[in-house]
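Let me begin by presenting the structure, written as structure tokens, before commenting on it.
The values are calculated or read from the model by the stated rules, or taken from the named source; none is laboratory data. All of these numbers come straight from a predicted model, not from anything done at the bench. Note that each Cβ is placed from the backbone with ideal geometry, even for glycine, and that neighbours are counted across all protein chains shown.
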Amino acid sequence: AAKTGKARFRRYSVELDDRAGEEARLGAEMRAALDNGQFHLVYQPIVSLPEGELRYVETLIRWTHPARGFVSPAEFVPVAERNGLIVELGEWILRTACCQFMAWQASHGAAAPCRISVNVSARQLAEPGFAAVVADALTGCGMPADQLIVEVTETAVFGGGVALRAVEELHELGVKIALDDFGTGHSSLTLLQIVPVDVLKVDKSFVDNITEAGRHAVIATALIQVSDGLGLTAVAEGVETAEQAASLFELGYRYAQGYHFGRPVAQPTFHDEGVAA
Ligand code: C2E
Ligand code: CA
Ligand code: CA
Ligand code: CA
């Protein structure tokens, strides 16, 4: 039997209350987690094709909660964006990643990755003075600006305004700009005319099924042509098999990231350390 509108509405609002309550709890726990050192960073290799040699690393945040255990960033980063904690958390990520990068440079020299990327959320970009925060993080550990890549999503910069200006300021500082999940936004190609971009991170959805000659391969080909034509660096995301890597190389891709080459880890395997287990 169909529920009355009223009953349905009540159940719906109870669910909303639950969700709001859970979100508030998670938010408060994240605040504590930041103070208690429960967050840590992992780094995923971005390699050259076809050799699969380490070139860059992408910084990814991890949270191990004492009771909840592993909490996915796909779950908690959006909460931190909504409650604003991402501003402080993001600054910690940025400073920690830059200093880690410089420590690897000091200990491994040319065998260390030559660039590091950090994900930056829309909320961070919209915060006035974000470029100055980045500049301060760089000088804080003596890192050259052009060794940092800031990964922004298409939606974060689409609105223009403060976020777009922040990206322009970063670019003027010499920081490299990567468009993350490229191709999944509503105006990917338009953005290339507006935003100063250095790196296109071609979304995993275009890499999946790339080995079957079909739509995915056609689109992946178009994207590498755009990237090459504009003098950008394309990175194929989410490469899970040797076959995908081979297809990407054949299509002209020279950089890749994915479980096939390495999962996110506390410390990547450097050139001078032999082959990963
Ligand atoms: P993203 O920036 O697109 O990061 C790539 C995600 O894909 C990571 O998930 C990574 O572990 C995963 N991945 C890499 N290779 C493969 C693969 O071959 N197969 C599959 N299935 N997945 C792969 P993760 O670490 O869970 O992060 C999820 C999202 O959370 C990120 O997507 C990003 O949007 C956000 N995020 C993670 N760390 C940070 C951070 O430090 N700051 C901000 N603002 N957002 C972050
Ligand atoms: Ca990313
Ligand atoms: Ca991505
Ligand atoms: Ca993503």
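Miscellaneous remarks
- Among the residues making up segment 106-123, those that are over 26 Å from LEU85 (Cα atoms) and among the aliphatic types (A, V, I, L, M) are ALA106, ALA110, ALA111, ALA112.
- Residue check, VAL226 surrounded by fewer than 20 Cβ atoms within 10 Å (Cβ to Cβ), at pLDDT below 95, away from ligand 1 (no atom under 13 Å from the Cβ) and not in a loop (DSSP other than H, G, I, E, B): no
- Residue within segment 61-72 that is free of Cβ contacts under 8 Å to residues at least 12 places away in the same chain, within 16 Å of ligand 4 (Cβ to nearest atom) and of a type outside the set (D, E, K, R) present: yes
- Of the residues screened, GLY183 is not one that is loosely packed, with under 13 Cβ neighbours inside 10 Å and on the phi > 0 side of the Ramachandran plot.
- Condition met for TYR259 (in a loop (DSSP other than H, G, I, E, B), among the aromatic types (Phe, Trp, Tyr) and surrounded by fewer than 21 Cβ atoms within 10 Å (Cβ to Cβ)): yes
- Residue in segment 132-141 that is farther than 26 Å from MET102 by Cα and more than 14 Å from ligand 3 (Cβ to nearest atom) present: no
- In segment 82-99, the residues that are surrounded by 18 or more Cβ atoms within 10 Å (Cβ to Cβ) and of a type in the set (S, T, N, Q): THR96
- Search result, residues across segment 191-209 that are part of a loop (DSSP other than H, G, I, E, B), within 19 Å of GLU240 (Cβ to Cβ) and within 16 Å of ligand 3 (Cβ to nearest atom): ASP203, ASP208
- Here GLU154, GLU237 are screened, and the one residue that is surrounded by 15 or more Cβ atoms within 10 Å (Cβ to Cβ), under 17 Å from VAL118 (Cα atoms), in contact with a helix residue (DSSP H, G or I) (Cβ under 9 Å, 6 or more places away or on another chain) and free of Cβ contacts under 8 Å to residues at least 40 places away in the same chain is GLU154.
- Segments classed as strands (runs of 3 or more DSSP E), wholly inside segment 20-133, with at least 1 members that are at pLDDT 95 or above and within 30 Å of GLY174 (Cα to Cα): 39-48, 54-65, 115-119
- Counting only residues that are more than 16 Å from ligand 4 (Cβ to nearest atom), of a type in the set (Gly, Ala, Ser) and under 26 Å from TRP104 (Cβ atoms), segment 126-183 holds 8 of them.
- Among the residues making up segment 131-187, those that are of a type in the set (Gly, Ala, Ser) and within 16 Å of the chain's Cα centre (by Cα) are ALA156, ALA178, GLY183, GLY185.
- Exactly one residue out of HIS186, HIS171 is away from ligand 2 (no atom under 15 Å from the Cβ) and either in contact with a Ser or Thr (Cβ under 6 Å, 6 or more places away or on another chain) or closer than 16 Å to THR233 by Cβ (or both): that is HIS171.
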